[in-house]
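The values are calculated or read from the model by the stated rules, or taken from the named source; none is laboratory data. Note that the coordinates shown come from a computational prediction; the quantities given were computed from them, not determined experimentally. Cβ atoms come from the backbone with ideal geometry, glycine included; neighbour counts cover every protein chain shown.
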Amino acid sequence: MTEVLRVIEVTFGYGRGEVLRQLSLSVAEGQFVTLLGPSGCGKTTLLNLIAGTLTPRSGSIHLRGRDVTALPPERRNLGMVYQHYALFPHLSARRNVAFGLEVRRVPRAERDRKVEAMLDLVGLTAAERERKPGELSGGQQQRVALARALVFAPELLLLDEPLANLDRHLRDQLRQELHRLQRETRVAAILVTHDQEEALVISDLLGVMAGGRLLQVGPPAEVYHRPRTPFVARFLGEANLLPGPLLGGEPGQLVLVRPERCLLGSAAESCPWSWEGRIRTLTFLGADVLAEVAGPAELSLRVRARARDALRPGELLRVGIPADAIWYIPDADEANP
């Protein structure tokens, strides 16, 4: 695949402090990359460096092989959608979308054609196109912001938590719309989010950041099931991290077992590692429950089971771990988040 973006060992900070430390990233044409990490880890700073609103202390940023490290934002041909959309409040939805083309002096007939086609693509009605942002719902404003960012065919689309201010139902709906738009336009995109489900569902590549470093980047299933560090394992979903020697590993190793891979009752009897345990707590999760099961030698294991199994606190039962459910990782993190 053709490479659209390459970030090479970029470092950035304020004063003596460092926000990003020798961070590198590559994004190919058509890829959707999501950056996930705790607040303050440098996700939005990285977007701003790529956009050109910040300049790195060291390292370089390349778009389609061209070094743009020193170029201002207007010369990078990037689309940006912010958490608060940053729409012009005095302009209609149509005029907001057309603004970037007007600045680029695109002929009116071509401009009108592109604007209408993009508004069709994001699903804005004829009446909504004439309304100002204050007259639109949050979901409609988000669609306008996306249309404005995509209408001039940017090299790369940057998305800084664009769904964060929406309620859960609308966020889920627009997440699918965003995914569809990115697939139809084939624009490379980088999304910053705190929503783990969003990151796992929408991404071609998922990057986990902490302490100004990109700890791991890869397909979501790979990062989730095969994390390289304890921090990545703990940050993505629920994780049981057990001493390596307990399950066939070595000193200096941890064993990752996801709660949904653990088995209870008769199903656990055929597992290579199993023991009797007592349920300490049950957390109701809708269709599932998360059980904390106490085993021998102060061992505690979180197990995700179906709510219909009618488990009870204090119940004694066998818990087991299948051989293909374990993943060994070094008992050390590359960064100190």
(request) Identify all residues within region 172-217 that are part of a helix (DSSP H, G or I), among the basic types (Lys, Arg) and more than 15 Å from Asp160 (Cα to Cα); write none if there are none. (result) Arg180, Arg183
(message) If I go through region 286-337 residue by residue, how many of them are exposed (fewer than 11 other Cβ atoms within 10 Å of the Cβ) and of a type in the set (S, T, N, Q)?
(response) 1
(request) Report yes if some residue within region 224-247 is surrounded by fewer than 17 Cβ atoms within 10 Å (Cβ to Cβ), assigned by TED's automatic domain parsing to the domain that holds Gln22 and under 30 Å from Val122 (Cβ atoms); otherwise report no. (result) no
(message) Based on this model, can you work out whether Val257 counts as out of contact with any helix residue (DSSP H, G or I) (no Cβ under 6 Å at 6 or more places or on another chain) and at pLDDT 95 or above?
(response) no
(message) Taking the conditions exactly as written (assigned by TED's automatic domain parsing to the domain that holds Ala221, outside any strand (DSSP E or B) and of a type in the set (Val, Ile, Thr)), does Thr11 satisfy them or not?
(response) no
(request) Determine which member of the set Val68, Val122, Val106, Val115 is surrounded by 14 or more Cβ atoms within 10 Å (Cβ to Cβ) and touching a His at 6+ places or on another chain (Cβ under 8 Å). (result) Val68
(message) Please go through (1) in contact (Cβ under 8 Å) with a residue 24 or more places away in the chain; (2) loosely packed, with under 12 Cβ neighbours inside 10 Å for Ala147 and return the number of the only condition it doesn't satisfy.
(response) (2)
(request) Could you pull out the residue among Glu298, Glu315 that is of a type outside the set (Ser, Thr, Tyr) and modelled with pLDDT under 90? (result) Glu298
(request) Name every residue in region 128-171 that is over 26 Å from Pro38 (Cβ atoms), part of a loop (DSSP other than H, G, I, E, B) and either of a type in the set (Gly, Ala, Ser) or not assigned by TED's automatic domain parsing to the domain that holds Ala93 (or both), in order of residue number. (result) Ser137, Ala153
(request) Search region 259-273 for residues being closer than 18 Å to Trp327 by Cα and out of contact with any Leu (no Cβ under 8 Å at 6 or more places or on another chain), and hand back the single one that is surrounded by the most Cβ atoms within 10 Å (Cβ to Cβ). (result) Leu263
(request) Return yes or no: is Arg94 buried (at least 18 other Cβ atoms within 10 Å of the Cβ) and basic (Lys, Arg)? (result) yes
(request) Could you check, for region 25-39, whether at least one of its residues is farther than 25 Å from Leu178 by Cβ, in the same structural domain as Val192 (by TED's automatic domain parsing) and surrounded by fewer than 21 Cβ atoms within 10 Å (Cβ to Cβ)? (result) no
(message) Suppose we keep only residues that are crowded, with 21+ Cβ neighbours inside 10 Å and within 11 Å of the chain's Cα centre (by Cα) within region 203-216. Which one would you say is nearest to Ile329 (Cα to Cα)?
(response) Val208
